[in-house]
Amino acid sequence: MIREIITYPNKLLREKSVDVELFDEHLHTLLDDMYETMIAYKGVGLAAIQVGIKENVLIISVPNEEDEQDKESTIEAINPIITHKDGLQLFVEGCLSVPGFNEEVKRAEHIVVEYQDRFGNKQTMEADEFLAVAWQHEMEHLEGHLFIEKLSLNKRKKFEKEYKKFMKTKKL
């Protein structure tokens, strides 16, 4: 089922998510719905808070060489924690919760993440470049943060002005 994506400035996006303790059918349905929603909105990642669920759940599906995203290669991460970061990279990011806006953001180039899969099994993944960006972006959502918070003051002011205009035209 495709769910509605909450968009900025909705206050729910600022709330910290809580750890998942039950790895049950409710969680599996949420993950499946998140995948359908992410694909429908043409995203590469989605945190549960973006569909109104305050749980430490995220998915990432980086397109392959044919620019396709298949469910089998989608990362489903529950209760993720970054255990190591190094390097620095600049990457132009966008967000399904901040539609119509992209900006360059500094992120770690290489990370190591520990998380649980949909069945509660512990997993570890190393990621770099674009995948590392996706992990860090989605994990910020779980902490109640958005990528726009990483912008310089001038870029943030420019964003606020442009976003207000964008939202007005969207409502017309």
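The values are calculated or read from the model by the stated rules, or taken from the named source; none is laboratory data. Remember, predicted model here, so these are calculated numbers, not experimental data. No Cβ is skipped: glycine too gets one built from the backbone with ideal geometry, and neighbour counts run over all protein chains shown. The accessibility values were calculated without ligands, DNA or RNA, using every heavy atom of the protein model including side chains. Shrake-Rupley method; radii C 1.70, N 1.55, O 1.52, S 1.80 Å.
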Checklist entry - For the range 41-49, does any single residue satisfy the condition of being at pLDDT 95 or above, out of contact with any Lys or Arg (no Cβ under 8 Å at 6 or more places or on another chain), under 12 Å from residue 135 (Cβ atoms) and not hydrophobic (A, V, I, L, M, F, W, C)? => result yes
Checklist entry - Looking at the range 1-34, which of its residues are open to solvent by 70 Å² or more (accessible area, probe 1.4 Å), closer than 18 Å to residue 163 by Cα and part of a loop (DSSP other than H, G, I, E, B)? => result 9
Item to check | Pairs where the first residue, in the range 19-32, is more than 20 Å from residue 141 (Cα to Cα) and the second is open to solvent by less than 30 Å² (accessible area, probe 1.4 Å) and modelled with pLDDT of 95 or more, C-beta under 7 Å, 6+ apart | outcome: 23/120
Checklist entry - For the range 72-88, how many residues meet the condition of being open to solvent by 60 Å² or more (accessible area, probe 1.4 Å), modelled with pLDDT of 95 or more and not charged (D, E, K, R)? => result 4
Checklist entry - Quick one: in the range 96-122, which of the residues that are under 22 Å from residue 73 (Cβ atoms) and hydrophobic (A, V, I, L, M, F, W, C) is most open to solvent (accessible area, probe 1.4 Å)? => result 119
Next on the checklist: Name the single residue that is nearest to the chain's Cα centre (by Cα) among those in the range 123-172 being among the hydrophobic types (A, V, I, L, M, F, W, C) and open to solvent by 90 Å² or more (accessible area, probe 1.4 Å).
Outcome noted: 153
Next on the checklist: Here is a check on your reading of the model: is residue 11 under 19 Å from residue 137 (Cβ atoms) and out of contact with any helix residue (DSSP H, G or I) (no Cβ under 6 Å at 6 or more places or on another chain)?
Outcome noted: no
Item to check | All positions within the range 106-161 that are in contact with a helix residue (DSSP H, G or I) (Cβ under 8 Å, 6 or more places away or on another chain), of a type in the set (Gly, Ala, Ser) and without any contact (Cβ under 8 Å) to a residue 60 or more places away in the chain | outcome: 108, 127
Item to check | Residue, nearest to the chain's Cα centre (by Cα), within the range 39-58, restricted to residues that are of a type in the set (A, V, I, L, M) and surrounded by fewer than 24 Cβ atoms within 10 Å (Cβ to Cβ) | outcome: 44
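Condition check: open to solvent by 80 Å² or more (accessible area, probe 1.4 Å), β-branched (Val, Ile, Thr) and either at pLDDT below 95 or within 23 Å of residue 6 (Cα to Cα) (or both). Does residue 92 satisfy that?
For residue 92, the condition - open to solvent by 80 Å² or more (accessible area, probe 1.4 Å), β-branched (Val, Ile, Thr) and either at pLDDT below 95 or within 23 Å of residue 6 (Cα to Cα) (or both) - is met.
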Checklist entry - Out of 158, 122, which single residue is basic (Lys, Arg) and closer than 30 Å to residue 29 by Cβ? => result 122
